[in-house]
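K.L.:
Would you mind keeping the following structure in view while I ask a few things?
The values are calculated or read from the model by the stated rules, or taken from the named source; none is laboratory data. Values in this document were obtained by computation on a predicted structure and should not be read as measured data. Virtual Cβ from ideal backbone geometry, glycine too; neighbours counted across all protein chains shown. Side chains are part of the model used for accessible areas, which takes the heavy atoms of the whole protein and leaves out ligands, DNA and RNA. Shrake-Rupley method; radii C 1.70, N 1.55, O 1.52, S 1.80 Å.
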Amino acid sequence: MTRVWKWNRPVTVREVLEDLQQERSIAYTTVMTVLDNLHQKGWVRREAEGRAYRYEAVSTRAAYAAALMNDAWSQSDNPAAALVAFFGMMSAEQREALRDAVRMVQGPETRAGQNPPEGRAGERPAAPEGEDGR
């Protein structure tokens, strides 16, 4: 998958093979089998091009990593403890990236005493039941 993600475009077995052969000796059939297995598992899609296929990642590396983390976390009998342990393994840079990600997900923070931001443009949030003035 690393090689497929590296190019961020559909790749052939030959391209992956040539890239891998810069580091070690590997057979064409081995690369072809691995890409076929990835296709069978749904990690890549393929499209015929002549007598060969072009393989393309189904999701990004970030989405794959997120799915792995979610799967591991959901299998824990104590998710809070698992998160605390995970955070404890993080470097300072990773914790800062986590803070940035949480800020992106939460959106703009509201200052103390301010009303929460409005919904869609010009739309006021719904009043709690019994407080609509009628």
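K.L.:
How many of the residues making up the range 38-71 are touching a residue at least 24 places away in the same chain (Cβ under 8 Å) and part of a helix (DSSP H, G or I)?
P.N.:
The number of residues fulfilling the criteria is 3.
K.L.:
A further question follows. Check off (1) open to solvent by 50 Å² or more (accessible area, probe 1.4 Å); (2) in contact (Cβ under 8 Å) with a residue 40 or more places away in the chain for residue 74 and give me the number that stays unchecked.
P.N.:
Result: residue 74 fails condition (2) only.
K.L.:
Just checking, how many residues over the range 26-41 are more than 21 Å from the chain's Cα centre (by Cα) and open to solvent by less than 40 Å² (accessible area, probe 1.4 Å)?
P.N.:
2
K.L.:
Give the residues of the range 42-65 that are farther than 30 Å from residue 98 by Cα, loosely packed, with under 10 Cβ neighbours inside 10 Å and at pLDDT below 95, sorted by residue number.
P.N.:
Answer for the range 42-65, where residues must be farther than 30 Å from residue 98 by Cα, loosely packed, with under 10 Cβ neighbours inside 10 Å and at pLDDT below 95: 50, 51.
K.L.:
So, of the residues in the range 1-25 that are outside any helix (DSSP H, G or I) and under 21 Å from residue 51 (Cα atoms), which turns out to be most open to solvent (accessible area, probe 1.4 Å)?
P.N.:
By that ranking, first place goes to 9.
K.L.:
Any residue in the range 85-92 that is closer than 22 Å to residue 1 by Cβ and open to solvent by 60 Å² or more (accessible area, probe 1.4 Å)?
P.N.:
no
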